[in-house]
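**Student:** One structure coming up, written as structure tokens, with questions to follow.
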């Protein structure tokens, strides 16, 4: 082990200690930004592996140590602290909201139950009439919707309809059986359409998010008491996912071009060789080497992934085949910032975006859940998921819709306040 590997392992260990500190100190806060933490726990081990020196298939070149792991550790540490401080500052202000009623009776549970049942029924009906990736090896989760009977539903409900498990999590405290049954159906549906790991991760996060916000201390106690059961369920789920991925990789041999034929080796390469390669490439090219001029074009953030793929894909054939199959690379953010700005401005931009978008929206989501404003919480959650997607994949164009929603909400609240003064 050389000095550079020691530096990388030490940086990662320091980051893990800080993560554990936040989980212990503020479980609810840590869970709200759980997908950001999960992103870090996929990128950082990948960067350590990449910086040991490998061939990056999607970039068509060999890697080397470029300080990418250290810089990324600093990025995630700063992110956690700035989000935490943002929440602490916002908690000083009063927050008012409202719930939907009919003839003086709260109807939010009824509306949400009807929404979940209706959406799941529509999605399952579409799946029953469509070719499914689970049974058709020529299809994948990226191509399911374009080949489905009613592809326009993707525009309405999204790839995985992640708001469904969030609604079920909100309803769970008083509707355990209803929420459990429909959550199983939701996972089954996503499994049918080729979504393997993502729906279990994102669906579980979405389901438990409102539960943890409302009952963080109780969740801690349940985890301690039922740790073995939870670990068993996760292990079984992981084994099932592994078997499905193994079968897919055995049939397709996705990395045959770099002479990786064994499915286990291919899975390892996919997890550790590709998760952080855009961050490595951006750090190496724009921060360390400075071999290309910066764009200074902040509009690239709107479709950051497309710009990063165009920058680092080793040939037009890669871009063509990815576009044809509906594939993307992964984790274009925060690397896209280093393509646009010098490091100090890139970090300053990230701090501004984190406070005004990610920190503020996460805080509002928390307040809606705590104030039992269930429908507003669901709407905010959908916008929040779009933001998480922006802060991982680099697509910030949907931030416009979030801004419009917040403006409309506070204007509407002001109107209500004046009306009933």
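**Student:** Just give me the residues in segment 166-197 being over 16 Å from residue 110 (Cα atoms) and touching a residue at least 40 places away in the same chain (Cβ under 8 Å), in sequence order.
**Tutor:** The answer is 185, 186, 189, 191, 192, 193, 194, 195, 196, 197.
**Student:** Under 6 Å between Cβ atoms, at least 6 apart or on separate chains: pull out the pairs that start in segment 198-219 with a residue that is over 15 Å from residue 32 (Cβ atoms) and end on any residue that is outside any helix (DSSP H, G or I).
**Tutor:** Close Cβ pairs (under 6 Å, with a partner that is outside any helix (DSSP H, G or I)) amount to 199/160.
**Student:** Specify the residue that is surrounded by the fewest Cβ atoms within 10 Å (Cβ to Cβ); the eligible residues are those in segment 155-165 that are in a helix (DSSP H, G or I) and in contact (Cβ under 8 Å) with a residue 40 or more places away in the chain.
**Tutor:** 163
**Student:** If I go through segment 338-354 residue by residue, how many of them are in a helix (DSSP H, G or I) and either surrounded by fewer than 16 Cβ atoms within 10 Å (Cβ to Cβ) or modelled with pLDDT under 90 (or both)?
**Tutor:** Count: 6.
**Student:** Further question: Out of 377, 399, I need the residue that is surrounded by fewer than 22 Cβ atoms within 10 Å (Cβ to Cβ) and farther than 19 Å from residue 278 by Cβ. Which one?
**Tutor:** Working: 377 fails: surrounded by fewer than 22 Cβ atoms within 10 Å (Cβ to Cβ).
Step by step, each of 377, 399 is checked, and only 399 is surrounded by fewer than 22 Cβ atoms within 10 Å (Cβ to Cβ) and farther than 19 Å from residue 278 by Cβ.
**Student:** Would you say residue 300 is surrounded by 19 or more Cβ atoms within 10 Å (Cβ to Cβ), in contact (Cβ under 8 Å) with a residue 12 or more places away in the chain, part of a helix (DSSP H, G or I) and out of contact with any helix residue (DSSP H, G or I) (no Cβ under 6 Å at 6 or more places or on another chain)?
**Tutor:** Numbers: surrounded by 19 or more Cβ atoms within 10 Å (Cβ to Cβ): yes; in contact (Cβ under 8 Å) with a residue 12 or more places away in the chain: yes; part of a helix (DSSP H, G or I): yes; out of contact with any helix residue (DSSP H, G or I) (no Cβ under 6 Å at 6 or more places or on another chain): no.
Spelling it out, it is not the case that residue 300 is surrounded by 19 or more Cβ atoms within 10 Å (Cβ to Cβ), in contact (Cβ under 8 Å) with a residue 12 or more places away in the chain, part of a helix (DSSP H, G or I) and out of contact with any helix residue (DSSP H, G or I) (no Cβ under 6 Å at 6 or more places or on another chain).
**Student:** Okay, next question. Conditions first: (1) without any contact (Cβ under 8 Å) to a residue 12 or more places away in the chain; (2) in a helix (DSSP H, G or I); (3) surrounded by fewer than 17 Cβ atoms within 10 Å (Cβ to Cβ). Residue 30 passes all but one, so which condition is the exception?
**Tutor:** For residue 30, the exception is condition (3).
**Student:** Residues being exposed (fewer than 15 other Cβ atoms within 10 Å of the Cβ), under 30 Å from residue 282 (Cα atoms) and either at pLDDT below 90 or touching a helix residue (DSSP H, G or I) at 6+ places or on another chain (Cβ under 8 Å) (or both): count how many of those fall in segment 75-119.
**Tutor:** Of the residues in that region, 1 qualify.
The values are calculated or read from the model by the stated rules, or taken from the named source; none is laboratory data. Computed from a predicted model, the values in this text were never measured in an experiment. For neighbour counting, all protein chains shown are included, and Cβ atoms are generated from backbone atoms with ideal geometry for every residue, glycine included.
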